[in-house]
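First comes the structure, then the notes that go with it.
The values are calculated or read from the model by the stated rules, or taken from the named source; none is laboratory data. A quick note: this is a predicted structure, and the numbers were derived from the prediction, not measured. Here the Cβ is made from the backbone with ideal geometry for all residues, glycine too, and neighbour counts use every protein chain on show.
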Amino acid sequence: MSAALFLGLLGHTAPLAAENTSTPGLELAYSLERATQGLSISEDGRKSISQRYSTTLPPQIVELLDDNSTVLYSNTAWNSYNSSDPTSDPCKTFLGIDGSRMGPDGRYWTVNGSTKLVGANLTNDAVDKLYYLDAMKASDSGIDDVRYNAAGDVAYMSDTAGALLVMNMTTGRLNSKTL
């Protein structure tokens, strides 16, 4: 199944692909082989696309470059998880992208496999913040998204079991509130 991004989302003035869409007023801008989970655009226009885990491919985060090519973000190692490889480290790779967002602190944040919050610094493209969430979530739930307060020092993460995790982004301390 092919996923498509459209001009209105990317802000392009000309289509990147020659295909037409069946929706009047939209033009196909870019087509991917894998379904996307989300698109985030930084203040300076960088486009990050998260793609879901499949049974045959690892999860991926890619950056869509100006020449319409993509590169793995933040690097190949973070996008290399393989559940059938016992040496593949789930603590230092993306397991599945549940939510992603450009943060007010200049990082691209992903909620990853419901177990960790990963922050990649957009200045040097390196993962420099990593918070493990297993201790705060219920065993039968998962963290599926993140939002920030205006100052960027508090993160709010939704839990599928009906809780809201509130994290102090300076200290990494978590509080959980049942909804």
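When only residues in region 34-80 that are within 12 Å of the chain's Cα centre (by Cα), outside any loop (DSSP other than H, G, I, E, B) and of a type in the set (Ser, Thr, Tyr) count, which is farthest from Pro104 (Cα to Cα)?
Result: Thr36.
Which residues, taken from region 46-69, are surrounded by fewer than 17 Cβ atoms within 10 Å (Cβ to Cβ) and not charged (D, E, K, R)?
Ser54, Thr55, Thr56, Leu57, Leu65, Asn68, Ser69, listed by residue number.
In region 160-179, what residues are out of contact with any Gly (no Cβ under 7 Å at 6 or more places or on another chain) and either aromatic (Phe, Trp, Tyr) or outside any loop (DSSP other than H, G, I, E, B) (or both)?
Matches in region 160-179: Ala163, Leu164, Leu165, Val166, Met167, Asn168, Leu174, Asn175, Ser176, Lys177.
Restricted to region 163-175, and to residues that are at pLDDT below 85 and under 15 Å from Asp153 (Cβ atoms), which residue is nearest to the chain's Cα centre (by Cα)?
Leu174
For region 127-162: of the residues being at pLDDT below 85 and hydroxyl-bearing (Ser, Thr, Tyr), which is surrounded by the fewest Cβ atoms within 10 Å (Cβ to Cβ)?
Top of the filtered list is Ser139.
Can you work out which of the residues in region 91-105 that are in contact (Cβ under 8 Å) with a residue 24 or more places away in the chain and part of a loop (DSSP other than H, G, I, E, B) is surrounded by the most Cβ atoms within 10 Å (Cβ to Cβ)?
Filtering first and then ranking leaves Phe94.
Mind listing whichever residues of region 106-133 are acidic (Asp, Glu), part of a loop (DSSP other than H, G, I, E, B) and out of contact with any Ser or Thr (no Cβ under 8 Å at 6 or more places or on another chain)?
Within region 106-133, no residue meets the criteria.
Taking the stated definitions as given, is Thr178 farther than 19 Å from Gly106 by Cβ and either at pLDDT 90 or above or loosely packed, with under 14 Cβ neighbours inside 10 Å (or both)?
Yes.
State which residue is modelled with the lowest pLDDT when the search covers only region 39-67 and only residues that are of a type in the set (Gly, Ala, Ser) and at negative phi.
Of everything passing the filter in region 39-67, Ser54 is modelled with the lowest pLDDT.
Assess whether Thr115 counts as being at pLDDT 90 or above and in the same structural domain as Ile143 (by TED's automatic domain parsing).
no
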